[in-house]
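J.: First the structure, then my questions, so here it is.
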Amino acid sequence: MLLRRPNVVTGALDLLDAEGLDGLTMRRLGVALDVQAGALYRHFPNKDALLDAMADQLLEGVGAPLPSDLSWPDQLELLGERLHTALLSRRDGARVVSGTFAPGPHTMAASRRAAQVLTEAGFPPNRAWEHTFAVFYFILGHTIEEQAQSRMPTGDNWTARLAAAGLDTDDPLAMGLKTLAATNPSERFSNGLRVFLAGIQQHAPEAVVGPNEAATTRDS
């Protein structure tokens with residue numbers, strides 16, 4: 001079978017699932033695809049170029065149109081959940097995306113969709129992009145830790161490590177940290193995303209500050 005560029009990307013993503021990012025090499029990918037490593041370089045000049053393509057493929061569909069009947073914060077929350085799900089779809093997916101900077105079509109569709117939502121809400125374009133990158137950085141960082149946590153051996157978790165570090169005490173802060181460590185990572189993500197978006201909403205050009213208070217115009 002003729003080796004095509006999409007076949008290489010799909011094979012690389014499958015190898016990522018099997019070996020993780022640290023185990024992904026061009027040589028191993030050649031073995032997995034039953035080709036000489038040199039055949040891969042006809043499609044990608046180096047591993048970095050392959051990782052760029054993998055990252056862009058991971059984000060396919062994230063930038064699809066959003067329901068028009070949702071408020072802009074709800075649209076951004078939905079977009080953030082889409083991105084989170086896409087990153088979790090492959091082992092070390094967040095590490096792959098965070099380590100690349102290539103503006104591929106799927107990557108640009110996702111970020112442009114977020115920036116578009118914000119500009120339609122009244123943010124100037126430069127602020128819209130700043131807020132977009134800030135939200136995406138939160139999602140990437142959280143998902144990197146979430147995926148690392150999922151690979152911890154049985155009996156070796158954040159709660160056990162806190163106890164080993166002497167933080168298994170009854171003072172309120174330690175208890176709060178223990179509770180957080182035991183929370184489902186997806187729940188922590190959703191809560192964090194909503195807090196993040198609430199902060200952005202406070203800087204909207206026309207933010208409603210309360211049900212009985214006048215709308216105030218804020219400097220975005």
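J.: I'd like the FRET efficiency for Thr154 and Ala182, computed as 1/(1 + (r/R0)^6) with the beta carbon distance as r and R0 of 22 Å, rounded to 0.05.
T.: Working: r = 15 Å, r/R0 = 0.70.
Using R0 = 22 Å, I get an efficiency of 0.90.
J.: Also, quick follow-up: Given axes a ≥ b ≥ c from the Cα gyration tensor, I'd like to know whether the range 10-86 is rounded (a/c under 1.5), prolate (a/b larger than b/c) or oblate.
T.: On the way: a/c = 3.91, a/b = 2.87, b/c = 1.36.
Prolate is the answer for the range 10-86, as a/c is 1.5 or above and a/b outweighs b/c.
J.: Efficiency by 1/(1 + (r/R0)^6): what FRET value for Ala198 and Asp48, r their Cβ-Cβ distance, R0 = 45 Å, to the nearest 0.05?
T.: Numbers: r = 37 Å, r/R0 = 0.82.
E(calc), rounded to 0.05, equals 0.75.
J.: On to the next question. Rounded, prolate or oblate: pick one for the chain, where a ≥ b ≥ c are the square roots of the eigenvalues of its C-alpha gyration tensor, a/c under 1.5 means rounded, and failing that, prolate if a/b is larger than b/c, else oblate. Walk me through the numbers on the way to the answer.
T.: Numbers: a/c = 3.07, a/b = 1.29, b/c = 2.37.
Oblate, because a/c is 1.5 or more while a/b does not exceed b/c.
J.: Can you tell which of Ser98, Gln202, Pro45 lies farthest toward the positive end of the dipole of the chain, using +1 and -1 charges on the Cβ of basic and acidic side chains (Lys, Arg; Asp, Glu)?
T.: Towards the positive end, the residue furthest out is Pro45.
J.: Counting only trypsin sites (Lys or Arg not before Pro) that are in a DSSP loop and have at most 13 other C-beta atoms within 10 Å, tell me the longest site-free stretch of the chain.
T.: On the way: sites that count: Arg4, Arg42, Arg151, Arg218.
Within the chain, the longest run free of exposed trypsin sites (Lys or Arg not before Pro) spans 43-150.
J.: In degrees from 0 to 90, rounded to the nearest 10, what is the angle of the helix 105-120 Cα long axis to the longest principal axis of the chain?
T.: It is inclined by approximately 10 degrees.
J.: Considering Cα pairs under 8 angstrom that are at least six residues apart, work out the relative contact order of the chain and quote it in whole percent. Don't jump to the answer; show the numbers that get you there.
T.: On the way: 225 pairs, mean separation 38.7, N = 220.
Across the chain, relative contact order equals 18 percent.
J.: Okay, moving on. Quick one: length gained pulling Leu78 to Val31 fully straight, 0.36 nm per residue minus the C-alpha distance?
T.: Fully extending the segment from Leu78 to Val31 adds 13.0 nm.
J.: Using a ≥ b ≥ c from the Cα gyration tensor of the range 68-191 (square roots of the eigenvalues), is it rounded, prolate or oblate, where a/c under 1.5 gives rounded and otherwise the larger of a/b and b/c decides, a/b for prolate?
T.: prolate
None of the figures in this text is laboratory data; all of them are computed from the coordinates on show. For clarity, every value in this text was computed on a predicted model and none was experimentally measured. With ideal geometry, Cβ positions are generated from the backbone for all residues, glycine too; neighbour counts draw on all protein chains shown.
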